[in-house]
Structure formats: C-alpha cells, structure tokens
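The values are calculated or read from the model by the stated rules, or taken from the named source; none is laboratory data. Owing to the predicted nature of the structure, the values given are computational and were not obtained by experimental measurement. Neighbour counts run over all protein chains shown; Cβ positions are idealised from the backbone, glycine included. Each accessible area value is taken on the protein alone, full model and side chains, heavy atoms only, with ligands, DNA and RNA left out. Shrake-Rupley method; radii C 1.70, N 1.55, O 1.52, S 1.80 Å.
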Amino acid sequence: MPEISRDEVAHLARLARLALTEEELDQYAGQIDDIVANVSAVGLVAAEGVEPMSHPHSIHTTMREDVVEKTLTAEQALDQAPAVEEQRFVVPQILGE
C-alpha cells in the first residue's frame, strides 16, 4: 500500500493546477511513493569522511570581478511599459487571489 495517498496526490495536483483523472491519481500515487523510497535509500549510504560537493568533478571556474555598472533608472525601465502604477509594472492578475 502506498504511503502517498490518492487524496494527497489530488491535493498536490490542485495546488499545481493540474487536472488529473482517477487513473492518473492512482498511477502517480504509486510513482511518487517509489520516488520517495529511492530518495530515502540515498540516506542509508555510508558517507562518513566524504566531502560534500556541488558537482561530481572538480571544476575550477573563473569568476569575474564584481564591478558596479550603470543600469537603467526606474523611469527609463518604465517609460515603455503599457501600464505603470506607483513606479511598478502593472500586469494582469492570473491567480484570482
């Protein structure tokens, strides 16, 4: 029996604004449960003495010097905007909240 219930998958789908069928809810509940089990298995690996790293290979990147450069003023950035309010772009509301 999956640890992730159909109701939890349906809740996540609602939050993500996804329309899922009953069959998809069952299918995804099992798949998400498998994913969680596989990710949990990673925690069982003996990793004492292993240094954490962001990439599996040693990569030496060159970083550019942090230099302040001239940018647009608020007025310049907004002068071509179709709608501006309180020095901000006005965009249509999409979430209905």
Which pairs have Cβ atoms under 9 Å, sit 6 or more apart or on different chains, and link a residue in segment 18-29 that is in contact (Cβ under 8 Å) with a residue 12 or more places away in the chain and within 24 Å of Leu95 (Cβ to Cβ) to one that is open to solvent by less than 100 Å² (accessible area, probe 1.4 Å) and in a loop (DSSP other than H, G, I, E, B)?
-> Tyr28/Ile4; Tyr28/Leu20
So which residues in segment 64-97 are under 30 Å from Ala16 (Cα atoms) and touching a helix residue (DSSP H, G or I) at 6+ places or on another chain (Cβ under 6 Å)?
-> Val84
Taking segment 1-49 and keeping residues among the β-branched types (Val, Ile, Thr), open to solvent by 90 Å² or more (accessible area, probe 1.4 Å) and assigned to a helix (DSSP H, G or I) leaves Ile35, Val39, Val42
Of all residues making up segment 59-97, the number that are open to solvent by less than 100 Å² (accessible area, probe 1.4 Å) and under 26 Å from the mean Cα position of the chain (by Cα) = 5
